[in-house]
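To keep things clear, I will list the structure first and then write my remarks on it.
What follows draws every value from the coordinates through simple rules; no lab data is involved. Every value quoted in this text rests on a predicted model; they were computed, and no experiment measured them. Cβ atoms come from the backbone with ideal geometry, glycine included; neighbour counts cover every protein chain shown.
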């Protein structure tokens, strides 16, 4: 199947449509909520939470014996929340720093999860096969009801986001100040964490425990490069996430043996790469271009300054001088001289240059700016 | 007898086992411009944070015009240390100043025209109006400090707490900030500033508190800002007469 065929099939093939819609919505909601994690410098929290969800999935299966994805995800939600609040408690009540707490919870829960998974695999229950898909995710297992849950969760989190927009922004920027204004910061904080956990949990089926944090971070990190406005950043992150979902699904559907989750994550990572290099304000490319331009500009002005020091010793500022006398000056090349002519700072007549009134004025003002 | 704006009784704060503030009593009269001075680690910022309820004290009570802080929030504005936030946050100068109105708005309600007008006026007051749409990371340190000051001005409080507002700003900005502080005092506000530069205390402030975990002294600059109290606070021989 080619990409073209895929996009044709998208609107006729029900399964493909459902899966694509699911990954798109997943990308949008994780991109949106991931922005909060990134701005709170809690990027790794997502990683810890997604790993912490694994034992919940395993335990939910052990207790119910059913492989219904909704039941398993409730297990994931509970153990993910447990992990998240355990991390917060640890940071607050012990001397441990956040990275240590994150690492501890991540490995502890993930270890427990893997242990339970291997135990489940040895059970004489034919139903157990495929539980390990939650490790790397499997978009193909998405059905319409899963997608509806995603839609509902996205709608609720969007509503909460808009409702508490002001409070969220305030807390993200300045938590102490938020407290002095009388807002219950613990409530806002818990709300944000709760929705981050939910976003992770609904992505587990598609992207899996191991790669889920990339879905939170990559779209947000890419979006931050393009804008200095919070609302635009969150919107862009949602868009990048959705696009990664659709495009990742498309690529994996058109090739055999490419799992969807990793491909979606790679597409999102590609967005990050492009953004880091090509975004106009913060991108490496434009920063380098600006840097070079400023440097050339400075060289030009240095030469002008030197010419000025010569010209001002004469009564007539446009008194011609030999180009040769500039040779002692390091910043000077033929090219800079031509650029100065283009700027009408000097005129050139054979091997002689003379300063214009414009150039004289420019040089006079060079160091007067404060 | 003048009114007491801020009263602190038996305040003790500790991080883990180490006391940072020990049994502090303070009565700050209304309308003073007060400096809190003391060496590094003396608990100056902690004192402000404890008064504002950012840090929970082990013991002691706080009164803002005789009532608990929770009931008097609208009367208090806070200028945190500039370094306490991430200035790369995606927002503009105007937006940060608008945050000063959030407290009076309360939950959920969005700022409207009145709030924007107040924010623009505050920006004007600190001379930052031309920068209102500037992304905050593109402001200089002094400009960022002015933005923080404007955010507090918008709160239109009776008492202002400022944590090292002169840190890392140039002479021009320092002067501008001092003028605003003096203006605040002129309109009857109480201003409490964590301050580092002892030389400027007599010039900028009329009231001073010496702090080094314990309260050393508090009162008018003219009577208590002397070598004796400085030595008690800093532990070495200090001469106030440096600047004369």
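Treating each Cα of chain A as one equal point scatterer and applying the Debye formula with no solvent, the log10 of I(q)/I(0) at q = 0.10, 0.12 Å⁻¹ comes out as -0.70, -0.86. Computed over chain A with a Gaussian network model linking Cα atoms closer than 10 Å, the most mobile of A:281, A:31, A:46 is A:281. For a paramagnetic label modelled on residue B:223 (point 7 Å from Cα along Cα→Cβ), amide N atoms under 17 Å away belong, within the range B:32-69, to B:32-35.
Arranged from fewest to most other beta-carbon atoms within 10 Å of their beta carbon, B:209, A:30, A:154, B:187 become B:187, A:154, B:209, A:30. Taking other C-beta atoms within 10 angstrom as a stand-in for reagent exposure, A:334, B:146, B:185 fall in the order A:334, B:185, B:146, fewest first. The mean sequence distance of close C-alpha pairs (under 8 Å, at least 6 residues apart), as a share of the length of chain B, puts its relative contact order at 26 percent. Each of residue A:290 and residue B:23 was given a label point 7 Å from its Cα along the Cα-to-Cβ line. The distance between the two points is 5.7 nm.
Based on C-alpha pairs under 8 angstrom that are at least 6 apart in sequence, chain A has a relative contact order of 22 percent. Taking every alpha-carbon pair under 8 Å whose residues sit at least 6 apart, the range A:230-336 reaches a relative contact order of 15 percent.
The convex hull of the Cα atoms of the range B:13-86, projected and averaged over all directions, covers 6.1 nm².
Residues A:85, A:291, ranked from the fewest to the most other C-beta atoms within 10 Å, line up as A:291, A:85.
Neighbouring Cβ atoms from other chains, within 10 Å of the Cβ of residues in A:223-234, number 3 on average. GNM on chain A, alpha-carbon springs under 10 angstrom: the most fluctuating residue among A:91, A:341, A:210 is A:341. Comparing A:165, A:86, A:353 in a Gaussian network model of chain A where C-alpha atoms under 10 Å apart are linked, the largest mean-square fluctuation is found at A:353.
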